[in-house]
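Before any comments, here is the structure.
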Amino acid sequence: MRKFRLNKNSADTKEPTPEQMKRYKDFSTLNHQYGRLTKRSKKRLYQDPKFFLLLFIIGIVLLLIFLESSEEEENQNIEAIENTH
Amino acid sequence: MFRKSSQHLTEEELVKRAKSDVAYFELLYDQNFDKVYRFVFKRLSGNEEISGELTQITFIKALGALGKYEHRGFAFSSWLIRIAQNEINMYFRSLKKKYHVDIHENQLNQLSIELETAQEFTMGQQEKLIDLLNNLPPDKLDLIELRFFNGLSFKEIAEIYQITEANAKMKVYRIIEKLKEQA
């Protein structure tokens, strides 16, 4: 938030010096910053540790569901065979 | 070599080429950097480092939005100043503490002439006027700042806002009328 205040010193004018402007005038840095902002990440998504952990957890959950369902199926088959005898 | 061959190009042509070749944007950067930096520097009351950062951000945003830029007969710098103005306002909004901007007596006197206050501008009146300015909405304050503290002409203000000169004049004088009522 900005607030104005009175400056009684009229000699204290706010004009930048040519040296000050020269110090901040740098197109190569600007171009580099722009390139960094717009360039897509070279790192593959699965190489990101957080994303990899998420994939790993999803994989474990799917494996558990698969094991559970196959075990259930096996039990049902055993029951069916026992009933026919 | 490249600079020499581009010297004959108009600003409009430079902008057109800069849309597909960043080397032409460098020429626009060189031509307009000082004007934008000076504008930001004054608005920030002489903060050299932040002015440098905000000027760089202004040009990065301009480079990113250059594809959407349409030349409507206004100077390219007025578009840059508009981006810079938005960046400055965003910077002020992001601050938790108050940022004090100095106003000099002579700048305030120019405004008081428009307000037709008494010949002798007393300390109390100055303080009251600063209070009124501090309570203005940011968009209105921007106009007052551009006209009276940055010393821009109505034509330059009109170019920044991409409105007519008469419209710019009307907007400024409406704010002055309101200030007069409150003063």
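Restricting to DSSP loop positions (anything but H, G, I, E, B) with no more than 15 other Cβ atoms inside 10 Å of their own Cβ, which trypsin sites (Lys or Arg not before Pro) remain in segment B:48-130?
In loop regions of segment B:48-130 (DSSP not H, G, I, E or B), the sparsely surrounded trypsin sites (Lys or Arg not before Pro) are B:Arg72, B:Lys96, B:Lys97, B:Lys98.
Once the Cα atoms are used to define both axes, helix B:165-182 deviates from the longest principal axis of chain B by about 30 degrees.
Can you tell me the FRET efficiency between B:Leu115 and B:Ala23 if r is taken as the Cβ-Cβ distance and R0 is 51 Å, rounded to the nearest 0.05? According to the calculation, E is roughly 0.55. When you filter the GluC sites (Glu not before Pro) in segment B:141-183 for DSSP loop state and at most 11 other Cβ atoms inside 10 Å of their Cβ, nothing is left. For B:Lys61 and B:Lys128, the FRET efficiency from 1/(1 + (r/R0)^6), where r spans their Cβ atoms and R0 equals 30 Å, is about 0.20. Just the protein heavy atoms count here, and of the accessible area of segment B:88-182 at 1.4 Å, carbon and sulfur take up 50 percent. Rounded to the nearest 20, the size of the Cβ-charge dipole of the protein assembly as shown about its Cα centre is 1300 debye, with Lys and Arg at +1 and Asp and Glu at -1.
Provide A:Phe66, B:Phe154 ordered by accessible surface of protein heavy atoms (probe 1.4 Å), highest first.
A:Phe66, B:Phe154
Mind running the shape call on segment B:95-175? Use the C-alpha gyration tensor, a ≥ b ≥ c as the square roots of the eigenvalues: rounded below 1.5 for a/c, prolate if a/b tops b/c, oblate otherwise. Cα axes put segment B:95-175 in the oblate bin. Buried between B and A is an accessible area of approximately 3700 Å², summed over both sides with a 1.4 Å probe.
Compared with the dominant Cα axis of chain A, that is its longest principal axis, helix A:49-84 is turned about 10°.
The residues of segment B:39-142 expose, per residue, 50 Å² of accessible area to a 1.4 Å probe.
If you place +1 on the Cβ of every Lys and Arg, -1 on the Cβ of every Asp and Glu, and leave all else neutral, what size is the dipole of segment B:35-183 about its Cα centre, to the nearest 20 Debye?
About 520 debye.
Kindly sort B:Arg43, A:Arg44, A:Arg36 by accessible area of their heavy atoms, largest first, with the probe set to 1.4 Å.
Largest accessible area first, the list is A:Arg36, A:Arg44, B:Arg43.
Evaluated with a Cβ-only charge set (Lys, Arg +1; Asp, Glu -1), segment B:105-182 carries a dipole of roughly 240 debye about its Cα centre, given to the nearest 20. Taking every C-alpha pair closer than 8 Å and separated by at least 6 residues, the mean separation divided by the residue count of segment B:2-94 gives a relative contact order of 29 percent.
Taking 25 Å as the limit for the C-alpha separation, the pairs B:Lys97/B:Lys128; A:Lys22/B:Lys171; A:Lys14/B:Lys140; A:Lys8/B:Lys98; A:Lys22/B:Lys42 exceed it in the case of A:Lys22/B:Lys171. To the nearest ten degrees, helix A:27-38 and the longest principal axis of the Cα atoms of chain A are 20 degrees apart. Once the Cα-Cα distance is subtracted from the 0.36 nm per residue extended length, the A:Arg5 to A:Arg40 segment shows a gain of 8.1 nm.
Our summary gives chain B a relative contact order of 19 percent, counting only alpha carbon pairs under 8 angstrom and 6 or more residues apart.
The accessible area of B:Asp139, taken with all protein chains in place and a 1.4 Å probe, comes to roughly 90 Å². Max-minus-min Cα coordinates of chain B on each principal axis give 60, 37, 25 Å, with the largest extent listed first.
The values are calculated or read from the model by the stated rules, or taken from the named source; none is laboratory data. No experiment lies behind these values; they were computed from the predicted model shown. Cβ coordinates were reconstructed from backbone atoms using ideal geometry, including for glycine residues, and neighbour counts include every protein chain displayed. All accessible areas refer to the heavy atoms of the entire protein, side chains included, with ligands and DNA or RNA removed. Shrake-Rupley method; radii C 1.70, N 1.55, O 1.52, S 1.80 Å.
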